[in-house]
Structures are given as C-alpha cells and as structure tokens.
Amino acid sequence: MELITWQAPAGERIPNHPSFAVLIYRGVDAATRGAEACRACFADHGWRGSWVNGVFAFHHFHSTSHEVLGVVAGGATLELGGPQGEAFEVAAGDVLVLPAGTGHRRVAADRGFTVVGAYPAGQEDYDLLRGDDPAEVARARERIAALGAPPDDPVGGDGVAGWR
C-alpha cells in the first residue's frame, strides 16, 4: 500500500482544508476485493455510514465531516480541490481520504466506476455544499477549521496520523 499526500489550495467557492492534506492510498487490498470488503475495512477502523455509488459530476464539499472514498471497480478522473485543484486518475484499489472542505467531482469515468464512501464515527450526518453562497462558505470555513482529526485512519495506514 502506497500513500501519496496532496495539499489542496484555498479557494473562494471551495475552501479546502486549511492544514490537513488529501491522502491517496494506492493498492489497498480491501478495495481490490470489492464493496463489502471495503465497507468492512472502513467499519473496522471506525468509519461508518458507508454507501456504494459513484462521485457527483459537480464540485462539492462537506464542512461537517471528513470523507473516505474507496474505488472498488473501474476507473475515473476525479478533480480534487475545486476549480483551483488538480485532476487525479483513480482505479480499483485506490482509497482517497478527503479532509472536510476538500472539493471533489467526477470529471470522467468508465461505465463500471464504483466507490464506497464513509465518514468517521459521529460525522455520518454530513452536509453537501457547492460553494454558491459566500456567506455559507464563510460559515463552512469555521466548521472545517474546528473539526479535528479522526482517531483512526480508514485503512489502518499512517496518513490520518499526519493530521494531528
């Protein structure tokens, strides 16, 4: 399992996290074994409220929760960090840990692209913001800055420890 980190730049509409880096794990065994194995791995590490689907094609972020996305089938190009961010190629076996505030959207995907999403325990009731209202983004920045690091990394790696 390989860990790549990337710091999303601050933006007007999409705030991104002011200090926590995006974590991209390549070659996560549980994600290569399918949705149920990936969900179980996340749950074993305290990440709950899991779902299986894709990624929205519009820029959005969450201000009340961190999010993990495990690619369990197919591949896609995901833009992270909003319009000021970067595009990343992802495929089955990749797991992305997005700190609160991190913009994300699907740019392109093959027909079988499937992800498992989950959130740290207690953060399952997440919001979904597009950054359309400057006052809402200002309030979101305050929530994002106040949200601490979760106790455990969703795949048992060392990434989330770097958020402390």
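Just one of the listed residues (Gly82, Gly11) is over 11 Å from the mean Cα position of the chain (by Cα), under 18 Å from Arg130 (Cβ atoms) and either hydrophobic (A, V, I, L, M, F, W, C) or crowded, with 24+ Cβ neighbours inside 10 Å (or both), namely Gly82.
Candidates Ala40, Ala108, Ala87: the one that is surrounded by fewer than 21 Cβ atoms within 10 Å (Cβ to Cβ), aliphatic (A, V, I, L, M) and without any contact (Cβ under 8 Å) to a residue 12 or more places away in the chain is Ala40. For segment 123-141, the condition holds for no residue, the condition being that it is surrounded by 24 or more Cβ atoms within 10 Å (Cβ to Cβ), in contact with a Leu (Cβ under 8 Å, 6 or more places away or on another chain) and either of a type in the set (A, V, I, L, M) or outside any loop (DSSP other than H, G, I, E, B) (or both).
Which members of segment 142-164 meet the condition of being surrounded by 15 or more Cβ atoms within 10 Å (Cβ to Cβ) and among the charged types (D, E, K, R)? Within segment 142-164, Arg143, Asp152, Asp153 qualify.
Residues that are surrounded by fewer than 19 Cβ atoms within 10 Å (Cβ to Cβ) and of a type outside the set (S, T, N, Q) within segment 43-72 comprise Ala43, Asp44, Gly46, Arg48, Gly49, Trp51, Val52, Gly54, Phe56, Ala57, Phe58, His60, listed in sequence order. In segment 80-96, of all residues being part of a strand (DSSP E or B) and touching a Gly at 6+ places or on another chain (Cβ under 6 Å), the one that is nearest to Thr64 (Cα to Cα) corresponds to Val95.
Values in this text are rule-based calculations from the coordinates and carry no lab data. Keep in mind it's a predicted model, so treat the numbers as computed, not measured. Don't worry about glycine lacking a Cβ; one is built from the backbone with ideal geometry, like all the others, and counts go over all protein chains shown.
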